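What follows is one structure encoded as structure tokens, with my remarks underneath.
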Amino acid sequence: MKQFLAFAAAALLAAAAHAQVVVDKPWVRTTVAQQTTSGAFMTITSKQGGKLVSASSPIATSVEVHEMKMDGDMMRMRPVDALPLPAGKPVELKAGAFHMMLMGLKAPVKAGDVVPIKLVVEDAKGQRETIDVSAIAKLY
């Protein structure tokens with residue numbers, strides 16, 4: 001019985017540690033035939049703070065975090081090396097702001113598809129955590 005309780009306690013601690021980063025409402029934009037890129041959107045909250053350092057998906061050759069912002073009177077998009085995740089504050093990845101670009105799509109993304117995305121988050125101590133996300137493909 002003691003071994004079971006120790007195992008259960010360890011499992012709960014592992015689950016609590018894994019819950020340091022929460023991803024809400026992940027979705028990916030659908031594509032049309034021949035389209036090779038799409039956007040992924042979600043809200044990421046890191047309880048202790050950190051930064052999103054990379055992302056990947058088996059449906060794309062690469063996934064990058066991009067920022068859109070005004071440069072004079074021109075909207076520009078550029079990749080960022082890391083996305084800061086302030087402690088306890090939700091960071092929304094959305095159109096017209098920070099978002100993910102899935103590039104080199106291996107097949108079209110259809111409404112209702114479940115798109116797996118792996119996020120790598122680094123905390124202030126340099127410890128990395130991988131979060132598996134299942135994003136639903138939508139038109140909007």
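Values as computed for the structure displayed
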| item | result |
| --- | --- |
| Search result, residues across the range 111-128 that are surrounded by 11 or more Cβ atoms within 10 Å (Cβ to Cβ) and either in contact with a helix residue (DSSP H, G or I) (Cβ under 7 Å, 6 or more places away or on another chain) or of a type in the set (Lys, Arg) (or both) | Lys118, Arg128 |
| Cross-chain or 6+ apart pairs with Cβ under 6 Å, the range 19-45 first and without any contact (Cβ under 8 Å) to a residue 24 or more places away in the chain and at negative phi, then of a type outside the set (D, E, K, R) and buried (at least 19 other Cβ atoms within 10 Å of the Cβ) | none |
| Matching entry among Gln48, Gln34 (being part of a loop (DSSP other than H, G, I, E, B), modelled with pLDDT under 95, of a type outside the set (A, V, I, L, M) and over 24 Å from Gln127 (Cβ atoms)) | Gln34 |
| Residue that is in contact (Cβ under 8 Å) with a residue 12 or more places away in the chain, farther than 22 Å from Asp24 by Cβ and in contact with a strand residue (DSSP E or B) (Cβ under 9 Å, 6 or more places away or on another chain), where the choices are Leu105, Leu93, Leu52 | Leu105 |
| Check on Val28, modelled with pLDDT of 95 or more and under 15 Å from Val120 (Cα atoms) | no |
| Matching residues in the range 68-93 - criterion: being farther than 20 Å from Thr130 by Cβ and surrounded by 14 or more Cβ atoms within 10 Å (Cβ to Cβ) | Met68, Glu92 |
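The values are calculated or read from the model by the stated rules, or taken from the named source; none is laboratory data. Model, not experiment: these values are computed from the prediction. When we count neighbours, we look across all protein chains shown, and the Cβ atoms used for this are built from the backbone with ideal geometry, even at glycine.
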